Ligand SMILES: Cc1cc2nc3c(=O)[nH]c(=O)nc-3n(C[C@H](O)[C@H](O)[C@H](O)COP(=O)(O)O)c2cc1C
């Protein structure tokens, strides 16, 4: 069964990419993920706030990770303003990583900045980073844009070679006894994939760039659905923390191979995008909310 996939111009042995997280932050961690079957890894992000403090150490770590892995290593930076990212993008390139993921994780809380200004700022940043490096650049976004399709089209025009759908915010809640905020890591469940699933199905028709689906990939059925709506690669994370004793990557890959064989395919590319939005005659498969239909089905 041929699972080979091309992502950001990189030939991958299969469509599984470890999403950015602490597991990808060390050479040993990445070696384990490679042995488990992942075709590429995204190293945990370096945050703009940490650049001055640990920028050099991060570059050295990227170099060590790259030297330890035979699969492509993708660096990730979390940025808001673009002042220092241009030169840092060039330095990242010199570590030998294969691509750069821009993580636009940002809570827009400035009451004077409009949605148009936020988008313009983010597009400007992508343009500048793309101009500063020869690495393919992919952009990880949140789902919270007023009009996602035009924004993603603009990202493509700005030179992004991929989109990562979607970033998940780590949202604090409140300990009602102590009055303190609790910063929990809220791991996902399969149902969290419904949002990136819908938007991958819709955006797949509108964009030529690659789409990495992240968020809620836990089971083989999740992985198959993500491929059917047109995801180029699948980027799980939570399941690796939740089932450390198992080998989720191996299970997902075996399951994908079995499903493809049962459906008479020889290559994963034969069914990628088979259920994207345009393949529904009236385009209402994913576009319409089906609110009335769904609600009225509950007796
Ligand atoms: C412990 C942990 C650390 C993470 N660190 C990063 C990070 O450094 N950069 C990033 O872009 N996303 C980070 N994420 C988000 C994941 O890469 C992923 O996109 C998200 O968790 C959705 O996938 P999942 O539902 O399979 O967990 C992190 C997630 C977890 C759970």
Please identify the pairs in which a residue from segment 11-26 that is on the phi < 0 side of the Ramachandran plot and touching a residue at least 60 places away in the same chain (Cβ under 8 Å) has its Cβ atom under 6 Å from the Cβ atom of a residue that is outside any strand (DSSP E or B) and more than 14 Å from the ligand (Cβ to nearest atom), counting only partners at least 6 apart or on another chain. 12/39; 14/3; 14/39; 14/253; 16/39
Only one of (1) in contact with a strand residue (DSSP E or B) (Cβ under 8 Å, 6 or more places away or on another chain); (2) surrounded by fewer than 18 Cβ atoms within 10 Å (Cβ to Cβ) fails for residue 294. Which number is that? (1)
Just to be sure, is residue 205 part of a helix (DSSP H, G or I), modelled with pLDDT under 95 and away from the ligand (no atom under 12 Å from the Cβ)? yes
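Output the residue which, of all residues in segment 43-57 that are at pLDDT below 95 and in contact with a strand residue (DSSP E or B) (Cβ under 8 Å, 6 or more places away or on another chain), is nearest to the ligand (Cβ to nearest atom). Give the derivation first.
Initial filter on segment 43-57 (at pLDDT below 95): 45-57.
Retained after the next criterion (residues that are in contact with a strand residue (DSSP E or B) (Cβ under 8 Å, 6 or more places away or on another chain)): 45-48, 54-55.
Values: 45: 4, 46: 8, 47: 8, 48: 12, 54: 13, 55: 15 Å.
For segment 43-57, the residue satisfying everything is 45.
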Do you know which of the residues in segment 139-164 that are in contact (Cβ under 8 Å) with a residue 40 or more places away in the chain, touching a strand residue (DSSP E or B) at 6+ places or on another chain (Cβ under 6 Å) and within 28 Å of residue 183 (Cβ to Cβ) is nearest to the ligand (Cβ to nearest atom)? 140
Count of residues meeting criterion [under 18 Å from residue 8 (Cβ atoms) and surrounded by fewer than 24 Cβ atoms within 10 Å (Cβ to Cβ)] in segment 204-229: 5
Quick one: in segment 1-42, of everything that is near the ligand (Cβ under 8 Å from one of its atoms) and crowded, with 22+ Cβ neighbours inside 10 Å, which residue is farthest from residue 65 (Cα to Cα)? 19
Flagged in segment 166-189 as more than 9 Å from the ligand (Cβ to nearest atom) and either touching a helix residue (DSSP H, G or I) at 6+ places or on another chain (Cβ under 7 Å) or not in a loop (DSSP other than H, G, I, E, B) (or both), in numbering order, are 173, 174, 175, 180, 181, 182
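The values are calculated or read from the model by the stated rules, or taken from the named source; none is laboratory data. Source: prediction; values computed, not measured. We place every Cβ from the backbone using ideal geometry, glycine too, and count neighbours over all the protein chains shown.
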